[in-house]
Amino acid sequence: MSSVSLTTSTFRSSSEKLSDNSSTSSSTTTTKKQQKQLLKNFTRSYSLTSSSCTNSEDNAAFKLSSADRRFSFDDILDEKEEDFKPERTSSLSELLNSSEGDIRVEHKSRDFIRQSSRTSSTETMSSGENKKCVFSKKKVMHDISSSLSSLSKEMTISSKGSCTKSSQSAQNLHQAAVNETKGKTCQLSLIFQRSKQSSPQGSPSKMNPSRPPQVPKPQPDPIQDDLELLLKGVESPELELAMGRIIAKMDALGDELKANTSARGAFTDDVFCEITKMDSRRYELTTLGAMNDLIRKAWAVSTIGYDLGSSLCKSLLNKGVLDILLKNFNSDDSTIQFESARLLEQALTTENRTYVVKHGLSTVVRVACECSKSPCVEKSRIGMGILEHLFKNSEETCHEVIRLGGLSAILYECRNSDVETLRHCAAALANLSLHGGPENQEAMIQHKASEWLFPLAFHSDDNIKYYACLAIAALVANKEIEAAVLRSGTLNLVEPFVTGHSPDEFAQSTVAHVHGQSKNWLLKLVPVLYSKREEARSLAAFHFAMEAGIKKRQGNTNVFRDIGVVNALKKVASSPNAIASKYAAQALQLIGEQVPHKLSQQVPLWTVEDVVEWVKQIGFICYSPQFQNSKVDGDLLLQLDDKSLSDDIGISNGILRKRFRRELNQLKRMADYSSCDTSGLTSFLQGLGPEFCQYSYQMLLSGVNVKDLKELNSEQLESECGIENSIHRMRLMHMVKGMNCSRNGADFDEGPNSKSLDVFISYRRSSGSQLARYLNFSLFLQPD
């Protein structure tokens, strides 16, 4: 390996031939003199390193690099004279691991010198005197360049054929690189166009190499201004224009995403296209993030946010963005997959859900379930949010999602401590309870969903509580699974929640309630108003009161008439259920309907008109004149027996009498006897079970109080207290006997079949049973 270092000021392109320094010593001396005369103090170096070339057919490697040198004409003219000092450079073959000779040429192009001269001239051109100076400098530089060009021709070296061969190889490599670059230009056009659009002035900025780059001032975002205008909620003609611009922005983002995806699919697998793919990937992530941010902000807008968000989601469907998202769910790129899931979770409106169910349900559910297994909290939120929306579609969709593992994933995430994730879980279970139908509700019981709803309803977050209570209220309306629901104890937490919150305030507690529920969702809630359980009716009335306030602000109260809930609300509003009737009446007032006659829960104090109204509500309107003529008030109504209904009221049909007695017993259980119960007898009977409350009024009329219960026998309970059921009499007497033994300090006998208890909890408050059940469930979750 031999190395020769030459010093010259010649600036030639990479396509010119390189020559070897093998001329005579006299020629070298002449060259040095010409250099000193022409350049004066301007010295630059070429480093030429060559290795011994063989006769092999392989082409030598050629690499051309340029150092970043910054200088001006003042530096050239003022530089002091220096002696020529040759420089040696290390062999490039060590860097490239090549077996052939390598040539490295460090040069400064003539164009760069002229560019620097123009830049320096522009900065100093402030007066006529400066202009003359610049012109004189330009003339000197022109003379130097001309002399250098002539000197370059004289230094052509042809003594070694190996260097000529290397020069020819360099030209071939250069031409091949030019041809390859031209072939890739069509693929890079989209990327270059995007880079121009990202520039503040729409074109690449020209920077002075002698100055540091200046950071451009941030430009105001017109879309952000439009969103702020919508958030103010002020009626103005600009609102529609702002909405139009936001929708147009979403359309543009959809077109860009589609074009970028098409261009990315056309790239090959070579190294050059891999760089382009990376740029395309970054652009796709940015676009997905911008679309997700735009939809989230649209949903957060009150009043018109529902219409705006629905329009943006419809744009995703029309522009083919949903197809891209579904395709990305199968992508190996986890980041692309997650960003697509984030956008889809915000865009699952009724129309988009139907499309997803038809074209990619299994893929979406699979990704959502995988998110539940991820330690990332954000992924858990997105996965549960997607399942929450999918359970709103139909019974068939709910069944398929359960089969694919959606319900198991939700119940597993109920162990999570993240509040937002638990909100999605509770809302998903509520949607499944309402839209799943009887078959899927039984599947929920088999998966012990009613048990998991208890800790959710016991949570400190109001939104988690609410949806858990809503789910249990929808489940208890199904008579087939009512017993299993009651065993969970979750239903007992519904009434405390309803009585402790205001529908209007709760509607504004979170963004999820700002726009209310859809028409189809509310239609599924109507049957809960007809439930026999007071807790279920109370919670349903609470929700309709909240929805009435939301829809009134949106100007969309006709939705309640479309789903046929007005008559159900009127029936609940006139019922003796104090909580449910209050919220039902509130809902009717908000939607502009007349509130019917309200029945008090103090049934013993009812008037004849109250009794007649109640008879009409339970479906015995044809017998209302008999009650009116007989002057039956609340006191007489509670004392009616089978003989009175047959002889006095005229209900001769035995089946009709049983129906009437069933409604009457239900009324007795929910009635308030505080006006005549001073000893707390009703509370004592309530502790035995709600079915014992139907005997309260008859026992109070007989003069029985809590202290007298220990003296009563079975015959007295039957004849005086009206307890015809012998099982009820036995249970009552057993309860009284146990109470007496505990007061006397006697211990209960522990036989061989007595149940062994690990923990006994004594909590003398109304919520003691709930505390015990919560502790029991917490112990159930602990590993063995």
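Below, the figures for the structure above:
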{"item": "Conditions (1) free of Cβ contacts under 8 Å to residues at least 12 places away in the same chain; (2) not in a helix (DSSP H, G or I): number failed by residue 293", "result": "(2)"}
{"item": "Residue match in the range 672-687 (condition: assigned to a loop (DSSP other than H, G, I, E, B), of a type in the set (Asp, Glu) and without any contact (Cβ under 8 Å) to a residue 24 or more places away in the chain)", "result": "yes"}
{"item": "Near pairs, Cβ below 8 angstrom, 6+ apart or cross-chain, from the range 568-590 (within 12 Å of residue 530 (Cα to Cα)) to any residue that is surrounded by 23 or more Cβ atoms within 10 Å (Cβ to Cβ) and among the basic types (Lys, Arg)", "result": "572/537; 575/537; 580/537"}
{"item": "Residue ranges of helices (runs of 4 or more DSSP H) in the range 463-517 with at least 3 members more than 20 Å from residue 541 (Cβ to Cβ)", "result": "482-488"}
{"item": "Top-ranked residue in the range 353-390 [being surrounded by fewer than 16 Cβ atoms within 10 Å (Cβ to Cβ) and small (Gly, Ala, Ser); ranked as farthest from residue 324 (Cα to Cα)]", "result": "374"}
{"item": "Any hit, the range 530-547, residues being within 24 Å of residue 490 (Cβ to Cβ), among the charged types (D, E, K, R) and touching a Phe, Trp or Tyr at 6+ places or on another chain (Cβ under 9 Å)", "result": "yes"}
{"item": "Check on residue 378, part of a helix (DSSP H, G or I) and over 13 Å from the mean Cα position of the chain (by Cα)", "result": "no"}
{"item": "Pair list, Cβ under 8 Å, 6 or more apart: the range 381-396 residue assigned to a loop (DSSP other than H, G, I, E, B), other residue crowded, with 24+ Cβ neighbours inside 10 Å", "result": "391/398; 391/401; 391/406; 391/428; 391/431; 391/432; 391/436; 392/431"}
{"item": "Complete set of residues in the range 361-375 that are without any contact (Cβ under 8 Å) to a residue 12 or more places away in the chain and either out of contact with any helix residue (DSSP H, G or I) (no Cβ under 9 Å at 6 or more places or on another chain) or in a helix (DSSP H, G or I) (or both)", "result": "375"}
{"item": "Enumeration of residues in the range 478-496 that are within 15 Å of residue 532 (Cβ to Cβ) and buried (at least 24 other Cβ atoms within 10 Å of the Cβ)", "result": "485, 491, 494"}
{"item": "Test for residue 393: is it closer than 22 Å to residue 579 by Cα and either of a type in the set (Lys, Arg) or buried (at least 18 other Cβ atoms within 10 Å of the Cβ) (or both)", "result": "no"}
{"item": "Single unsatisfied condition, residue 451 versus (1) under 23 Å from the mean Cα position of the chain (by Cα); (2) charged (D, E, K, R); (3) crowded, with 17+ Cβ neighbours inside 10 Å", "result": "(1)"}
{"item": "Matching entry among 633, 647, 562 (being touching a residue at least 40 places away in the same chain (Cβ under 8 Å) and either surrounded by fewer than 21 Cβ atoms within 10 Å (Cβ to Cβ) or over 23 Å from residue 668 (Cβ atoms) (or both))", "result": "562"}
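Rundown of residues vs (1) closer than 21 Å to residue 529 by Cβ; (2) buried (at least 20 other Cβ atoms within 10 Å of the Cβ); (3) of a type in the set (Ser, Thr, Tyr); (4) modelled with pLDDT under 90, yes/no style:
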| site | (1), (2), (3), (4) |
| --- | --- |
| 410 | no, yes, no, no |
| 413 | no, yes, no, no |
| 428 | no, yes, no, no |
| 458 | no, no, no, yes |
| 469 | yes, yes, no, no |
| 498 | yes, yes, no, no |
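Let's see how each residue does on (1) in contact with a Ser or Thr (Cβ under 6 Å, 6 or more places away or on another chain); (2) aliphatic (A, V, I, L, M); (3) more than 22 Å from residue 374 (Cβ to Cβ); (4) without any contact (Cβ under 8 Å) to a residue 24 or more places away in the chain:
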| site | (1), (2), (3), (4) |
| --- | --- |
| 405 | no, no, no, no |
| 432 | no, yes, yes, no |
| 435 | no, no, yes, no |
| 474 | yes, yes, yes, no |
| 489 | no, no, yes, no |
| 492 | no, no, yes, no |
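The values are calculated or read from the model by the stated rules, or taken from the named source; none is laboratory data. None of the values given here were measured: they were computed from a predicted structure. Methodologically, a virtual Cβ is constructed for each residue, glycine included, from the backbone with ideal geometry; neighbour enumeration extends over all protein chains shown.
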